[in-house]
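Here's the structure we're looking at; comments come further down.
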Amino acid sequence: MGEQYADVIVDISHEKLDRPFQYRIPDSLKGRLEPGACVLVPFGNGNRMIKGYVIDVGDKCKFAPERMKVIAGIADKNVDVTDKMVALAAWIRKNYGSTMIQALKTVLPAKQTVRKLEKRYVETVMNREELTALLGESLRKKQTAKVRVLQALLEQEMCQGSAGKSAECTAAESTGTCIPYEWITGKLNVSAATINSLIKAGAIRVHITEGFRDPVQHSVQAAAVQSGAEKKKLSADQQHIVDTVLQDLDTGQRKTYLLHGITGSGKTEVYMELAEGVIRRGRQAIVLIPEIALTYQTLMRFYRRFGDRVSVMNSTLSPGEKYDQCRRAKEGEIDVIIGPRSALFTPFPRVGLIIMDEEHEGSYKSEGTPKYHARETAMEVARLHGACVVLGSATPSMEAFYRAEKGEYVRFTLKERLTGGVLPTVYTVDLREELRQGNRSIFSRKLQELLADRLQKGQQSMLFLNRRGYAGFVSCRACGAVMKCPHCDVSLSEHRNGTLMCHYCGYSIPKPRQCPKCGSKYILGFKAGTQQIEEKLQELFPGVRTLRMDGDTTKTKDSYEKILSAFANEEADVLIGTQMIVKGHDFPKVTLVGVLAADLSLAANDYRAGERTFQLLTQAVGRAGRGELPGEAVIQTYQPDHYAVVFAAAQDYDGFYEEEILYREMGGYPPAAHMLAVQIFAKEDESGAQLAKQLADTVKRNGHQVLGPTPATIGKINDIYRYVFYVKKTDYGQLVEIKDRLEEMIFPMQLRKEQVQFDFDPMICL
């Protein structure tokens, strides 16, 4: 075997992740090192030995061989969580395309200067008789502040009885009655000077304990405790799933499971039972949710079962809160972490279970570089830890169901609602017919009738505005026809110059003045928003109590929880929102769901448009009738005969899948094949177009079919021009090889102004 070299990162902190150092691999270690290995290397002029992590291994020497230092050895035999994270970063870099530095910054918690949280407690030193005497003296001297402190300490001692120690105050050296320092200064309005005078008198002392920041809101904790931790009895089907997964885990079988359960079938109960089983085995569980908006209800359910052994990780946390959750995970203070895709990188030492709820959601795909998907990345995390992965959804992604059909995943099905109720009755309303009969309102007559009925009965309703994919597409208001590309079967996007363009192949036409199908002159886009809907609803039903949940109303840290808890507490009759309101929420009093403009996502210039529409409509309809009361749903659409609408109204996933997979196979789209989107960003339009053509021509010369290059859907953002081209292959590995070759080609151009990004199986058309 010839000479081999390893690129080594010598300090895993974001400030130091600027470049790796290359070392020669000695003969004794050849074939034994792979990305993630922790090694000892000589560093600096004095050749002091330090720990480093291998991030790449190869046979190319980047520097003069005579100056190359040699790896001294493997640091230790025990693989810790950091080793696994580095190995994961290497896997992400290879499979999704990025620099190793970008991948490391994705998976490793940011090393920041964060103050440790210190908790101060005021503790009694005197006994009860002495404190009572001091209280009497303070009363005579009219020292009101001292009186408040002493009375509080005596009352606390009475409450604690013989325990003599506050539950919050757990320091080993603490023996007296404890009250939080901040409670005394804040609630009792006592100054530090008063506290110091009591310290000098020998009545109290202040001691400090180190604590963790807990991002779980006190309101959630209180509500969870109040509602109790009643454990629901699983159905036979639910218990079968739990038993199978845990038995596989016990026998060393590490599998990926797809839990396909209709809305309200009790998937969360299965998740919690699995998490409990894993925790009993000394392992930890990661629970992924697609939206921060789902945190509140998911956290409530898990907190009831596991208490403060549960925490959250998401972008709304402060740096201190994120830092403390990583510390708590490493030190075994928590067993379950809940959060969106970034929670996957929580540094648990012994992950046993990864749950990916609503696995079909597009938000599991990273929008920044590296553009990893949480599903495949979770499977790699599970491989590194010897864990299992459970994917759950009422409307599984085409990828997950396709792999389950091929036997790559184990599929479980839950076909009945946990409450014993039935799926809601669904009415599909043709908006073209509504327009012909003179109803120009955004609310169909059927929806108005059912809304009035619910308001009279004191029941709740949800109105879902399907805005996903609305930007830029053009349709006929009279017949519902959407202007589509004849080559790619996706909608054309309208540009400011009046041109309609396909962003897969570049096909373009001038915007027609009349509908080519029916001749109508009403060729328009959709402009209604949630605020306008709220105003129209209040005009239609004066006095109706509404809540709105969209991008404008959820900007603050606790906005999701406040809106959802207010609706759960029946402080509103109608909740109006975009797709964030239809993802996994459970409101027993909701008996009506109205889907406004169901077609919008069908018109997106994206091969996934049918799948996304079916998923959104099915999930939306599934919000109704989840309690004891029966539910109804109204789907308003210009295309009532479209298969995605028909199967969603019937809640028929299998029927939808059979039809959709045929289109994917004919078009060569995922999951029947794989796609690589190569995205070019440039400050100058001409240089961006030239680089896009140069890269695309390189791929073509190697015998691969290329779609494009073409300007992106939004061709310019912040003065940066954007281009894209696509490559399709049935073998994912071939796309990785194409990416590798392009990276080698791009590497000498790093000082240029253009940037290139790779997106495998893109979730949206750029």
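In region 380-403, what residues are closer than 30 Å to residue 655 by Cα and part of a helix (DSSP H, G or I)?
398, 399, 400, 401, 402, 403
Mind listing whichever residues of region 328-373 are in a helix (DSSP H, G or I), more than 18 Å from residue 282 (Cα to Cα) and over 14 Å from the mean Cα position of the chain (by Cα)?
Correct list: empty.
Looking at (1) without any contact (Cβ under 8 Å) to a residue 12 or more places away in the chain; (2) in a loop (DSSP other than H, G, I, E, B), which one does residue 630 not meet, given that it meets all the others?
Only one criterion is unmet by residue 630, namely (1).
State which residue is modelled with the lowest pLDDT when the search covers only region 170-194 and only residues that are of a type outside the set (Lys, Arg), under 40 Å from the mean Cα position of the chain (by Cα) and assigned to a loop (DSSP other than H, G, I, E, B).
172
Among (1) out of contact with any Asp or Glu (no Cβ under 7 Å at 6 or more places or on another chain); (2) at pLDDT below 90, where does residue 424 come up short?
The number of the failed condition is (1).
Determine which member of the set 292, 338 is closer than 18 Å to residue 274 by Cα and either of a type in the set (Val, Ile, Thr) or touching a Leu at 6+ places or on another chain (Cβ under 7 Å) (or both).
338
Go through region 300-327 and count every residue that is in a helix (DSSP H, G or I) and hydroxyl-bearing (Ser, Thr, Tyr).
Counting residues in region 300-327 that are in a helix (DSSP H, G or I) and hydroxyl-bearing (Ser, Thr, Tyr) gives 2.
Within the set of pairs 6+ apart or on separate chains, which have a first residue in region 580-601 that is on the phi < 0 side of the Ramachandran plot, a second that is crowded, with 24+ Cβ neighbours inside 10 Å and among the basic types (Lys, Arg), and C-beta atoms under 9 Å apart?
581/623; 582/623; 585/623; 586/623; 587/623; 590/623; 593/623; 601/612
Can you name the number of the only condition in (1) within 25 Å of residue 675 (Cβ to Cβ); (2) part of a helix (DSSP H, G or I) that residue 565 fails?
It is condition (1) that residue 565 fails.
Only one of 576, 563 is surrounded by 19 or more Cβ atoms within 10 Å (Cβ to Cβ), closer than 18 Å to residue 593 by Cα and without any contact (Cβ under 8 Å) to a residue 24 or more places away in the chain; which?
Selected residue: 563, the only one of 576, 563 that is surrounded by 19 or more Cβ atoms within 10 Å (Cβ to Cβ), closer than 18 Å to residue 593 by Cα and without any contact (Cβ under 8 Å) to a residue 24 or more places away in the chain.
So, in region 489-524, how many residues would count as being within 15 Å of residue 712 (Cβ to Cβ), at pLDDT below 80 and surrounded by fewer than 20 Cβ atoms within 10 Å (Cβ to Cβ)?
So the answer is 5.
Search region 609-645 for residues being β-branched (Val, Ile, Thr) and in contact with a strand residue (DSSP E or B) (Cβ under 9 Å, 6 or more places away or on another chain), and hand back the single one that is nearest to residue 670 (Cα to Cα).
645
Of all residues in region 706-733, count the ones that are outside any strand (DSSP E or B) and modelled with pLDDT of 90 or more.
Selection size over region 706-733: 4.
Answer yes or no as to whether residue 244 is under 21 Å from residue 364 (Cβ atoms) and among the polar types (S, T, N, Q).
No.
Among 382, 394, 387, which is the only one that is buried (at least 22 other Cβ atoms within 10 Å of the Cβ), at pLDDT 95 or above and not assigned by TED's automatic domain parsing to the domain that holds residue 646?
Answer to the selection: 387.
So residue 666 passes all but one of these: (1) at pLDDT 95 or above; (2) surrounded by fewer than 18 Cβ atoms within 10 Å (Cβ to Cβ). Which condition number does it fail?
(1)
Identify, please: which residue in region 682-694 is surrounded by fewer than 20 Cβ atoms within 10 Å (Cβ to Cβ) and of a type outside the set (S, T, N, Q) and is, among those, nearest to residue 736 (Cα to Cα)?
Residue satisfying both the conditions and the ranking: 693.
Taking region 409-434, which residues are farther than 30 Å from residue 261 by Cβ and exposed (fewer than 15 other Cβ atoms within 10 Å of the Cβ)?
Hit for region 409-434 is 433, nothing else.
The values are calculated or read from the model by the stated rules, or taken from the named source; none is laboratory data. Predicted model, so just to flag it, every value in this text is computed and none were measured. Neighbour counts are summed over all protein chains in view; Cβ atoms, including those assigned to glycine, are modelled from backbone coordinates with ideal geometry.
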